[in-house]
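One structure is given here, and the rest of the page talks about it.
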Amino acid sequence: MTEKILRWFYRILPFAAITLPGVVHAGTINLGLTPEVTEAIGLSSTDVRVTVARIINVFMGILGIIAVVIVLYGGFLWMTAAGNEEKVEKAKKMLVAGVIGLAIILSAYAIAQFVINSLVTATAQ
């Protein structure tokens, strides 16, 4: 199961690395929309940095949920091993991988929050 998740992650990572800078750069383009037009067509006036921060928060939340599911699955495997040493070892590896993944995700979340808050306060008008 973790191999499938890793394969999925490695497929998505290059896509995100290529497209996310374009999304951030799109915030600097002047489309000539006046506040009246923006209000009439229902566009948000939220800052692009805040929108990107929300997207990062959602992505980190999804990764956290996946890590917790891996830990729960490892616990389930251990509980259903019925004394089989191979299954117990597999379950221990899943638990360790899930906990390490969760620690990495929480660290990345903390770093991302710090960077985003620093950027927002440094570029506030």
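Side notes on the structure shown:
- Residue within the range 39-50 that is under 30 Å from residue 6 (Cβ atoms) and at pLDDT 70 or above present: no
- Residue selected from the range 97-124 under the condition surrounded by 13 or more Cβ atoms within 10 Å (Cβ to Cβ) and of a type outside the set (A, V, I, L, M, F, W, C), by the criterion nearest to residue 72 (Cα to Cα): 98
- Cross-chain or 6+ apart pairs with Cβ under 7 Å, the range 63-77 first and in a helix (DSSP H, G or I), then among the charged types (D, E, K, R) and at pLDDT 90 or above: 77/87; 77/90
- Selection status of residue 85, of a type in the set (D, E, K, R), surrounded by fewer than 13 Cβ atoms within 10 Å (Cβ to Cβ) and either at pLDDT 90 or above or in contact with a Lys or Arg (Cβ under 6 Å, 6 or more places away or on another chain) (or both): yes
The values are calculated or read from the model by the stated rules, or taken from the named source; none is laboratory data. Note that the structure is a prediction, hence the values are computed from the model and not measured. Ideal geometry is used to build each Cβ from the backbone, glycine not excepted, and the neighbour counts take in all protein chains shown.
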